[in-house]
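The values are calculated or read from the model by the stated rules, or taken from the named source; none is laboratory data. Model, not experiment: these values are computed from the prediction. Methodologically, a virtual Cβ is constructed for each residue, glycine included, from the backbone with ideal geometry; neighbour enumeration extends over all protein chains shown. For accessibility, only protein heavy atoms count, side chains too; no ligands or nucleic acids. Shrake-Rupley method; radii C 1.70, N 1.55, O 1.52, S 1.80 Å.
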Amino acid sequence: SCFSSFLFVVVVFTPFLPRARCLVSTLRQRGSEELMSHNSMVTNGTGLSPSLPLEMNDAKKVKLDSGPNPPSRVVHIRSLPHEVAETDIVQLGMPFGKMTNVLVLKQKNQAFLEFQDETAAQNMTSYYATNPAQVRLKPCYVQFSNHKELKTDASHSFQNTNAQAALQAAQVVQGGPPDEQQQNTILRVIVDNVGYPVTLDVLHQLFSRYGKVLKIITFTKNNTFQALIQFSDTISATTAKVSLDSQNIYNGCNTLKIDYSKLTNLNVKYNNDKSRDFTRPDLPSGDPALD
């Protein structure tokens, strides 16, 4: 009968069901393995770019590496930190020759440095090609500019003032008049015609515009407020001196008189409102009245 035939089919094929399931599972596994073995996008769990994107990447690389700008006495520096100053750029170029102009574009993290001759610019770009430059501990890139000379206008008047001060300081360091050869990293600052109180923080904010200030000691001598300010390098100290000497902190008062100290290092014992070592935040506050 139909019913008995149905039972026979069920009884006959039932023992083969586990084998069928095993066969299906094996085929699925093999299919998956074959798919992975033929798929170049998957290897040990890491993705590989297919051939077309690789070719596109190569095309982009060729475009970017199409060739550097031809030699020029103007050097282009990019990827600079936001707090970069003209003194930082001048310091990069000092070992290579006399510089005639510098322009810093802080908003674009770029700068341009002009040398007196093309050979100096070539020496600078060649050196930093094998010895990557750093500004304030941040790597930057040095290359020839596509400009043959650096021209600035009235819109860069503030930058021009700082640039001339930095260049003048560099000339002093590189070999200026004999009376300027005693330059040092430590400045002695006297404040005359005091109309408003002078604080250590005000001095730090003012002098930090020209470079990294390491230490400050303030004191009163002969009823005159004085300070010793130590920079990280000579050119920053010289730039600050050139820029601020005989200038007023406030309109019509607090006149700065600046010269080089004979000291080679400041020994700061306490961090307080009279003295501070910005490289040693762990120093105790102490008692400024006893120091």
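For this structure, a couple of remarks:
- Accessible area (Å², 1.4 Å probe, nearest 10) - Ser261: 20
- Accessible heavy-atom area order of Thr255, Thr279, highest first, probe of 1.4 Å: Thr279, Thr255
- Ordered by solvent-accessible area of protein heavy atoms (1.4 Å probe), largest first, the residues Ile190, Ile216 come out as Ile190, Ile216.
- Were the residues from Lys106 through Thr119 laid out at 0.36 nm apart, the gain over their Cα-Cα distance would be 2.0 nm.
- Counted by Cβ distance under 14 Å from Lys148, the other residues give a net charge of -2, where Lys and Arg count +1 and Asp and Glu count -1.
- His147 accessible area, assembled protein chains, probe 1.4 Å, Å²: 90
- As a calculated quantity, the FRET efficiency between Asp201 and Gln164 at R0 = 35 Å, using C-beta atoms, amounts to about 0.80.
- Coarse-grained scattering of segment 185-291 at q = 0.15, 0.18, 0.19 Å⁻¹, given as base-10 log I(q)/I(0) from a Debye sum over alpha-carbon atoms: -0.58, -0.85, -0.95
- Span per principal axis, largest first, for the Cα atoms of segment 70-119 (Å): 29, 22, 14
- Computed from point charges on the beta carbon alone (+1 for Lys and Arg, -1 for Asp and Glu), the dipole magnitude for segment 192-250 about its Cα centre is near 120 Debye.
- Largest accessible area first, the residues Tyr260, Tyr127, Tyr210 order themselves as Tyr127, Tyr260, Tyr210 under a 1.4 Å probe with ligands, DNA and RNA left out.
- Here's the picture: a label point sits 7 Å out from the Cα of Asn131 along the beta-carbon direction, and within segment 84-103 the residues with their amide nitrogen under 20 Å of it are 87-99.
- Other residues lying with their Cβ under 15 Å from the Cβ of Phe225 contribute a combined charge of +1, Lys and Arg counting +1, Asp and Glu -1.
- A simple count of charges around Leu206, restricted to other residues whose Cβ falls under 13 Å of its Cβ and scoring Lys, Arg +1 and Asp, Glu -1, yields 0.
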